[in-house]
Amino acid sequence: MSSLLAHGLGTDPVDPDWPPLTDVEVTDIVGPARVVWRSPRPLSAAAVVERSDHRLFVKRHHTSVRTPEGLAEEHAFLRHLRLRGAPVVEVLDLATRGEWTYEVHSAGVGIDLYRDALSWSPFRSPAHARAAGEALARLHLAAEGFHAQRRRVQPLVASFTVFASPDPLPELERYVEERPQLAKGLADFPWREDTQRALLPLHENLAPHLPDLAPLWTHNDWHASNLLWNKDGSVATALDFGMSDRTTAVHDLATAIERNTVQWLKPGFPVRDADAVALLDGYQSLRPLTLAESKALPALLPLVHAEFALSELGYFNGVTRSPENTRLAYEYYVGHAEWFSGESGQRLLDLVRRHAGRSDAP
């Protein structure tokens, strides 16, 4: 058992799926260095390391999760963003050792205020939510002009293909067929029936707006603990582009609202209304939504989790081989969609509907 505990899918810490990075290991990758902090995030092994008088961020993946080719896709996006002036980390190196792939980044500028917070913990204040919305808008403006195709099939990517299709069921069948580990993991669940019951009615609301949503490479995991902060409460650096892919701006904005304002780790899933409004207002103060985007946002919000939930399910079934986490990922796929059909979910959608399209935020 490791002395380092990781974040699980609930609120209790768990033993990590991947062995923690060691000083010997990072020295082999970056030269003489020592680990000064190990990340508790569960899907890889990562650490801040000190080399000479500066710090680096080293992340290790199993090759079944990320190959050098898979990492090169997100690294190309990061380089584009840096060239456009976006506050993102610098890619410094990519290496392989046996069954492991390593990426090395600059440590980023700013204070890691949410370093020990669970991934879906809320913002500390509406002011942080607004700052995160502003930073996301800047990122989307910087992302324009990056025209790479969608990422290759690999675990733990938040894509937008199934429910971006006017006919999602055939696209879902194709998505599952391309991912054997997912197909095996779904075998014990009524996934076709649940999709038709819980998700397809939601897609009917989204479908009319799909043709007017421009494709854009996006972050897809925009939450408080993936941001470094300035002392004045603004965002200094955006981190962790591991789930990035070619989706749409409104998909990324919906992800940010869902991840940060619904408290999925608390009983009853309370909603932080003020944070939702602040995040939206901050975003629209720099990048006002188009009419199509403002209509699509509340329709997409109940579905934005779906493809990542499926990707997680395949990962838990085929890589970490955890029946319990596979079950929880399936509940995530169906349960989040069901929640949006209930009273609290409908209230959040009404709130988003009222504020989407407002470009007069102070």
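Only the Cβ atoms of Lys and Arg (+1) and of Asp and Glu (-1) were treated as charged; on that basis the dipole of segment 6-106 about its Cα centre amounts to roughly 320 debye. Counting only Cβ charges, +1 for Lys and Arg and -1 for Asp and Glu, the dipole size of segment 45-156 around its Cα centre is about 200 debye.
Pairwise inverse Cα distances across segment 6-106, averaged and inverted, put the Kirkwood hydrodynamic radius at 14.4 Å. The GluC sites (Glu not before Pro) found in segment 81-118 that occupy coil by DSSP, while having at most 11 further C-beta atoms within 10 Å, are Glu99. Working from Cα pairs under 8 Å separated by at least six residues, relative contact order for segment 126-355 is 31 percent. Kirkwood's formula applied to the C-alpha pairs of segment 239-362 gives a hydrodynamic radius of 15.4 angstrom.
Residue ranges 16-28, 298-310 sort as 298-310, 16-28 when ordered by packing (mean number of other C-beta atoms within 10 Å per residue, highest first).
Under Stokes-Einstein, with the Kirkwood radius over Cα pairs as Rh, the value for segment 126-355 at 4 °C and 1.567 mPa s is 72 µm²/s. Peptides 191-198, 74-81 ordered by packing proxy, namely the average of other Cβ atoms within 10 Å per residue, highest first: 74-81, 191-198. Lysine pair count for the chain (Cα-Cα distance under 30 Å; residues 8 or more apart in sequence or on different chains): 5.
Read-outs: derived from the displayed coordinates by stated rules, not from any lab. From a predicted model like this one, the values you see are computed outputs, not experimental measurements. Here Cβ is always computed from backbone atoms with ideal geometry, including for glycine, and neighbour counts include all displayed protein chains.
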